[in-house]
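*Asks:* Okay, here's the structure, questions in a sec.
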Amino acid sequence: MWQSLTLQLFETQRQLHDQLISAIDQAAANPTNAWWVIGLSFLYGLFHAAGPGHGKVIITTYLATHSTLLVRGVMLASLGALCQGLTAIALVYGVVFMVGSLAGHMDSAVDWSERLSFTLIFALGLWLVLRGARVIGSYVAKGANHSPDPEHHQHHHIDGSCCGHTHVPHPQQILQAKEGLGAMAMVIAAMGLRPCSGAILVLIFASVVGQSWIGFFAVLAMASGTAIAVSALAVITVLARHQVAGLAQRFSSGGRLAQAHGFVLLGGGIMLAWVGGSLLYWSFSLPAHPLQL
């Protein structure tokens, strides 16, 4: 069933892509057809994101291993999709601007952008592995009944009373916030630096027929479609994680939960590092990696 669904998605993408090229050609003669190009691009992005790909692996792994608000999960997915569209635009129009010709330069520019993305995936995986190892090591060193988490530490006033909250952020909270922002930036870059091949072809064809502006807005529409599909996956992942975490809290102690979280981080990191490393290795050889479809 999965294979049949995947093949159907690829066939739909191929048909939409053929219609896109034809619509851009028609828009070159009649600019009023540009809206049809943008609409088709949106649908292409929607179906493209529904198939297998490295971006879905990255966003689901990160959201499944981190306690994240629903809004933040959708924001990450949307920014990753937007970054992917902007990367395609920057590569194609950057090559045209700097070299003056796409011949012999476009493939090389895309290849190295992809390799940078794969390197970031590998680095993100290693970062998760280190975090998981640190959590597990901390649990083993302190034991299951360690002191309360600094995030939930209650301070006392001079008169001995306690207001139940902190007035000044704990240094560990500030450090975790910085780590979180850095990790999210890495997730967005790892997703976005590998441009969609369909977006590249649309931009190239639009440039060839002298309608670069249509290609620009078509790719932004494509990124919007991709953002919706990936955001839906992000919502499912965050909600599923919250459900699992809620059940785990009912049947496990805090120490065991911390240990389990460490192993989840470790497993997710190993998987991401393997995906990123294999994608990077296969990018220098043939045949293509399955996640590069």
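The values are calculated or read from the model by the stated rules, or taken from the named source; none is laboratory data. In this text the structure is predicted, and so the values were computed from the model without any measurement. Methodologically, a virtual Cβ is constructed for each residue, glycine included, from the backbone with ideal geometry; neighbour enumeration extends over all protein chains shown. In case anyone asks, the SASA skips ligands and DNA or RNA and just uses the protein heavy atoms, side chains included. Shrake-Rupley method; radii C 1.70, N 1.55, O 1.52, S 1.80 Å.
*Asks:* Can you order the peptides 205-217, 55-67, 237-249 by their average number of other Cβ atoms within 10 Å per residue, highest first? Could the numbers behind the result be given before it?
*Replies:* Numbers: 205-217: 18.0, 55-67: 21.5, 237-249: 13.8.
In descending order of packing, they fall as 55-67, 205-217, 237-249.
*Asks:* Another question, then. Write down the radius of gyration of region 1-142 and its Dmax, each obtained from C-alpha positions, in Å.
*Replies:* Rg, Dmax (Cα atoms, Å): 20.0, 72.
*Asks:* At a probe size of 1.4 Å, how large is the accessible area of Arg256, to the nearest 10 Å²?
*Replies:* For Arg256, solvent-accessible area is about 150 Å².
*Asks:* Still on this structure, please answer the following. With a Förster radius of 22 Å, plug the Cβ-Cβ distance of Leu9 and Trp213 into 1/(1 + (r/R0)^6) and report the FRET value to the nearest 0.05.
*Replies:* Working: r = 29 Å, r/R0 = 1.34.
Using R0 = 22 Å, I get an efficiency of 0.15.
*Asks:* Now, a different point. What ranking, highest mean first, results for peptides 78-84, 270-276 when packing means the other Cβ atoms within 10 Å averaged over each residue?
*Replies:* Details: 78-84: 22.7, 270-276: 19.1.
Result, highest mean first: 78-84, 270-276.
*Asks:* Given 10 Å bins starting at zero, what is the percent of C-alpha pairs of region 1-73 in each, up to the one with the largest pair distance?
*Replies:* That works out to 17, 32, 26, 19, 5, 0, in percent per bin.
*Asks:* Would you kindly derive the ³J(HN,Hα) couplings of region 233-243 from the backbone phi angles with the Karplus curve 6.51 cos²θ - 1.76 cosθ + 1.60 (θ = phi - 60°), listing them in order in whole Hz, with x for Gly and Pro?
*Replies:* Working through the residues one at a time gives 5, 5, 4, 4, 5, 5, 5, 5, 5, 4, 5 Hz.
*Asks:* Right, something else. Just the number please: accessible area per residue for region 1-113, 1.4 Å probe, all protein chains included, in Å². Walk me through the numbers before you get to the answer.
*Replies:* On the way: 5830 Å² over 113 residues.
About 52 Å² of surface per residue is accessible.
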